[in-house]
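The block underneath contains the structure these notes are about, expressed in structure tokens.
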Amino acid sequence: MTGGPDMTMDVENLLRAEAPQVLGALVRRFGRFDTAEDAVQEALLAASRTWPAEGVPEDPRSWLIRIGYRRMVDLLRSDQARYRREWEVGMAELAMGETERRPSPPRETDDGLTLLLLCCHPALSHASQVALTLRAVGGLTTAEIAHAYGTSETTMGTRISRAKQQLTRAGAHFALPTAADRHSRMSAAMRVLYLIFNEGYTASTGDELARIDLTSEAIRLARTLAGTMPDDEEVTGLLALMLLTESRRAARTGDDGGLLPLDEQDRTRWNRDLIREGTELIDRVWNRGETGPYQLQAAIAALHAAAAAPQRTDWPQIAMLYLWLERLTPTAPVRLSRVVAVAQAFGPARGLALLDDLNRRHGLDQNPLTRQRERAVRAHLVQMTGDTAGATTLYREAATLTGNQVERRYLLDEADRLT
């Protein structure tokens, strides 16, 4: 049967979901990350050409693995020394004969999770972990990842290639981490997904405020992680945080594409299904065990979601949660968020005093993670005190420090409105 546009989209979604499982199966069998990824791309390309016209096979994963194995044989034959090649090709052919009768991996050894944790190996830098996860697990192209992070495709391709080489040099194996390093690997995986989501929610560069492909992929991977580890409170908290934050996406811009701050958003446009799911998740794990930073951030997001109007937001409670969060993760973004909450709860003068103190002790105005937003927050607080001239200057300073064109336009519009 011939498929239309909907069929093509369904195939693309299926391929993206199956890609990490297929890659995991090949890496598990051969231990060759680079070659396996090339083979998977060939299999996905074949499926994208065949399935929309002929229909999706009954067992799409086995179909993709079978094609991938065949491509692995070709690749190994072309780039291995003869004595090594004959052994690996023999193993590949044996594996091909087993694919039809091998059961799918059990849930506790899900290849998608194993691949995610491999990409978050401690031998890699945070930047390399993010890039490799998006490439291998998320299925994004090198060009898409490069665009998301404002760099060239060549530079990103080099970063991903080096990350794979580092895994090889580190002797990384396609297997779930041992009990000794499971906690650190899980923490790294959650941090990577959190970074991917944040980059998608407010893109660091470009003409769009958000990158929906990145937020969607982060949520999908967080669901995979949470489904595999339903008793982990922090994994559940991370998923809840993403869902509650994503629920506001449609209301973040107006009809003209301009940025709308939280207190100006049409809350009827917030996604109630995501809010309901996220709130239920954080309620389920809150105070069940040790409370971690993702649970705290999810609790803050839930308080925002529960407020039917801006003036009904429980800012004192949010300020308290940010203080708790700062003690657990004393980072510049968390400290700056606490400034906002304190100002909303107790007035702009208290907020500015706290901001000045944090700048003296921690340099939020110089930290690359908060330098731009510190100016924007200060501008808003100064404006609240009635100093429109000072706020105008600060809004313009903040605008020069962002690479996101939607955010820049908002800041300049605020400055123009005050003059």
- Return the only residue of Gly4, Gly55 being surrounded by fewer than 19 Cβ atoms within 10 Å (Cβ to Cβ), over 19 Å from Gly139 (Cβ atoms) and modelled with pLDDT of 85 or more. Gly55
- Task: Return a yes/no flag: does segment 216-228 have any residue that is at positive phi and open to solvent by 50 Å² or more (accessible area, probe 1.4 Å).
- Result: no
- Scanning segment 349-378 residue by residue, those touching a helix residue (DSSP H, G or I) at 6+ places or on another chain (Cβ under 6 Å) and outside any helix (DSSP H, G or I) turn out to be Leu364, Asp365, Asn367, Leu369, Thr370
- Is segment 349-362 home to any residue that is touching a residue at least 40 places away in the same chain (Cβ under 8 Å), of a type outside the set (Phe, Trp, Tyr) and buried (at least 16 other Cβ atoms within 10 Å of the Cβ)? no
- Message: With the requirement that a residue be surrounded by fewer than 19 Cβ atoms within 10 Å (Cβ to Cβ) and either polar (S, T, N, Q) or in contact with a strand residue (DSSP E or B) (Cβ under 8 Å, 6 or more places away or on another chain) (or both), what does segment 297-343 give you?
- Response: Gln311, Gln317, Thr329, Thr331
- Identify, please: which residue in segment 400-415 is open to solvent by less than 40 Å² (accessible area, probe 1.4 Å) and either farther than 20 Å from Arg211 by Cα or among the hydrophobic types (A, V, I, L, M, F, W, C) (or both) and is, among those, farthest from the chain's Cα centre (by Cα)? Ala415
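The values are calculated or read from the model by the stated rules, or taken from the named source; none is laboratory data. What you are looking at is a predicted structure, and each value in this text was computed from that prediction instead of being measured. Don't worry about glycine lacking a Cβ; one is built from the backbone with ideal geometry, like all the others, and counts go over all protein chains shown. Remember, those area values only see protein heavy atoms, side chains included, never the ligands or the DNA or RNA. Shrake-Rupley method; radii C 1.70, N 1.55, O 1.52, S 1.80 Å.
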